[in-house]
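The values are calculated or read from the model by the stated rules, or taken from the named source; none is laboratory data. Note that the coordinates shown come from a computational prediction; the quantities given were computed from them, not determined experimentally. Cβ placement follows ideal geometry from the backbone for every residue including glycine, while neighbour counts extend to all protein chains displayed. Side chains are part of the model used for accessible areas, which takes the heavy atoms of the whole protein and leaves out ligands, DNA and RNA. Shrake-Rupley method; radii C 1.70, N 1.55, O 1.52, S 1.80 Å.
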Amino acid sequence: MGRTMGGVAGKAILVTGANRGIGRAFVEEALRRGAGRVYAGTRDRLWPSDERVVPVVLEVTNAAQIQEAVAKAESLDVLINNAGIALYDDLSDRTMLERHLAVNLFGTYAVTQAFLPKLIRSRGAVVNNLSVNALAPLPLIPAYSISKAAAFNLTQSLRAFLAPQGVRVHAVLTGPVDTDLTRGLDIPKATPRSVAAAVFDALDRDEQDIFPDPMSQSLAQDWESSPAKALERQYAELLAAAPAGARLTIKENKMNDLSGTSTIVVGASRGLGRGIATVAAEAGASVIAVARSATTFPEPATGGGSIQAVVADAADASAPGSLLDKYDPRFLVLVAGAIPPIRPLHEHTWETFSANWNADVRIAFHWLREALLKPLRPGSRVVVISSGAALAGSPLSGGYAGAKATQRFITGYAQDEANRADLGITFTALLPKITPLTELGRPAVQAYAARGGQSEEEYLKQLGEPVSPEGAGAAVVELLRADADTVAPSYLLTGTGLQKLA
């Protein structure tokens, strides 16, 4: 069956429609299984009794509330789309069908779209709570049945599109459950708690289509061997086998607003810069990867975007203007900088101490200046990769921490000037924590561990999960995709995701 979820212990989970019924049972079952954090999405404010529960006011048809929920969730491993409506009708009123589609289909789509960058970074899972009525309509609630059938097709389509990015998509096909919807029906019904437990068990087994109660279980074996399931698998194989030029990819998927956009990544040859360039291309962007020396990149795994390597000295004052004019990017990401000499203050010379002022600060100044002078088109985004050292200092790196703090200041200055001129450009500073997974961070980790009389393992343990190049790429893509009105001036980046800074 492939990679399994490995349980929910310690993971971050979001449940929509979490105030009652199956949604509430999902929250309680996740807590029983040791979830690290559960974001409980409800239309009304919820007052949780467990400190691991984070209440989120979330109406799945409200775009602003969805974006607020995305900003509130630091990371996400499992998204459970449970919110829905089910009203009795006879298909005589079109508005009833539209109401069901708005919540059960388009609400599921909108929430998944918004949280997709976080799920890609965690290689997580989407769980859509549907119904056996997706397979056969119940005449008492035909609009509901139609919307669930559409949501099931959406689930199957997402499953094929997101598999290359490591995101699993599951359909929960429930039979009658003892909730408000079925309260007046005198039929055998499963309890919400038993359904939630069965769903989490099935996730551990990586079952694509989950039949979590006695009634639906009677369909499970026949479904797995059915012609319909076989056809789904065949179509998914066609997608995976199609040539890159003909493949239906994320580039054609409206869930990705980087598709075809010109994106310059400055300092793309190694470390976080390489990770950012690679992930942006996989998300559909046309990446211009700027580096001081010739660099090769693999073809994006999804076939959605492209990477073109360009040799240029990022610190050359003439480079920004010429490259911005030539490629006219919508997105600009500045990563380039010097690797600081690692030594205590008294062993530095002024030349070694100021290395990052003459590289990192100089690069930020020239590129941001040119972005304002050109200027970039309205709607453009600029992300400057600073460092967590700008907050905590870095006593073994000379002027590195001060230079990185100045990069953050310059980014803020650029935003002020863009606002004053009404340019419509968003400038953001991203401050990654120290990581052993890059050429810059590895010697620093070794030096600080030795300085503190610790092993590298002990030092890294106290730092928490490290930032990987791919994680940095996913975080940048998340920022580029986000609504500009929701983007903060600066963020700390840890191994678990983005954290807004005051």
Check residue 15 against each of (1) at pLDDT below 95; (2) surrounded by 21 or more Cβ atoms within 10 Å (Cβ to Cβ); (3) of a type in the set (A, V, I, L, M, F, W, C) and name the one condition it does not meet.
(1)
So how many residues does region 145-184 have that are in a helix (DSSP H, G or I), modelled with pLDDT under 95 and over 30 Å from the mean Cα position of the chain (by Cα)?
3
Restricting to region 442-464, and then to whatever is in contact with a Ser or Thr (Cβ under 7 Å, 6 or more places away or on another chain) and modelled with pLDDT of 85 or more, can you tell me which residue is farthest from residue 498 (Cα to Cα)?
449
Mind checking which pairs have a first residue in region 396-422 that is within 14 Å of residue 367 (Cα to Cα) and open to solvent by less than 20 Å² (accessible area, probe 1.4 Å) and a second that is part of a strand (DSSP E or B) and not charged (D, E, K, R), Cβ under 6 Å, 6 or more apart or different chains?
407/384; 411/384; 411/427; 411/429; 414/427
Residues in region 448-469 that are surrounded by fewer than 17 Cβ atoms within 10 Å (Cβ to Cβ), of a type in the set (Gly, Ala, Ser) and closer than 16 Å to residue 344 by Cβ: how many?
3
With 178, 204 as the choices, which residue is among the charged types (D, E, K, R), open to solvent by 30 Å² or more (accessible area, probe 1.4 Å) and in contact with a Pro (Cβ under 8 Å, 6 or more places away or on another chain)?
178
Scanning region 120-144 for residues that are assigned to a helix (DSSP H, G or I) and of a type in the set (Gly, Ala, Ser), the one nearest to the chain's Cα centre (by Cα) turns out to be 122
Mind checking which pairs have a first residue in region 118-129 that is over 16 Å from residue 212 (Cβ atoms) and a second that is open to solvent by 10 Å² or more (accessible area, probe 1.4 Å) and part of a strand (DSSP E or B), Cβ under 6 Å, 6 or more apart or different chains?
none
Could you tell me which of the residues 41, 84 is open to solvent by less than 30 Å² (accessible area, probe 1.4 Å) and within 28 Å of residue 141 (Cα to Cα)?
41
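Okay, residues lined up against (1) at pLDDT below 90; (2) under 18 Å from the mean Cα position of the chain (by Cα); (3) more than 25 Å from residue 361 (Cβ to Cβ):
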position: 262; (1), (2), (3): no, no, yes
position: 268; (1), (2), (3): no, no, no
position: 276; (1), (2), (3): no, yes, no
position: 280; (1), (2), (3): no, yes, no
position: 301; (1), (2), (3): yes, yes, yes
position: 305; (1), (2), (3): yes, yes, yes
position: 316; (1), (2), (3): no, no, no
position: 323; (1), (2), (3): no, no, no
State which residue pairs qualify: first residue within 12 Å of residue 120 (Cβ to Cβ) and inside region 476-488, second residue assigned to a loop (DSSP other than H, G, I, E, B) in any location, beta carbons under 7 Å apart, and separation of 6 or more residues or different chains.
477/258; 477/283; 481/257; 481/258
If I filter region 36-51 for residues that are of a type in the set (A, V, I, L, M, F, W, C) and part of a loop (DSSP other than H, G, I, E, B), do I get at least one hit?
yes
Residue among 69, 86, 40 that is within 18 Å of the chain's Cα centre (by Cα) and either at negative phi or not hydroxyl-bearing (Ser, Thr, Tyr) (or both)
69
Anything in region 365-384 that is open to solvent by less than 10 Å² (accessible area, probe 1.4 Å) and modelled with pLDDT of 95 or more? List them, or say none.
367, 368, 371, 382, 383, 384
Residue 293 vs. criteria over 22 Å from residue 122 (Cα atoms), free of Cβ contacts under 8 Å to residues at least 24 places away in the same chain and either small (Gly, Ala, Ser) or assigned to a helix (DSSP H, G or I) (or both):
no
Any chance region 245-259 includes a residue that's at pLDDT 75 or above and either outside any strand (DSSP E or B) or surrounded by 14 or more Cβ atoms within 10 Å (Cβ to Cβ) (or both)?
yes
Meets criteria (under 29 Å from residue 475 (Cα atoms), touching a residue at least 12 places away in the same chain (Cβ under 8 Å), within 16 Å of the chain's Cα centre (by Cα) and open to solvent by less than 50 Å² (accessible area, probe 1.4 Å)) for residue 111:
yes
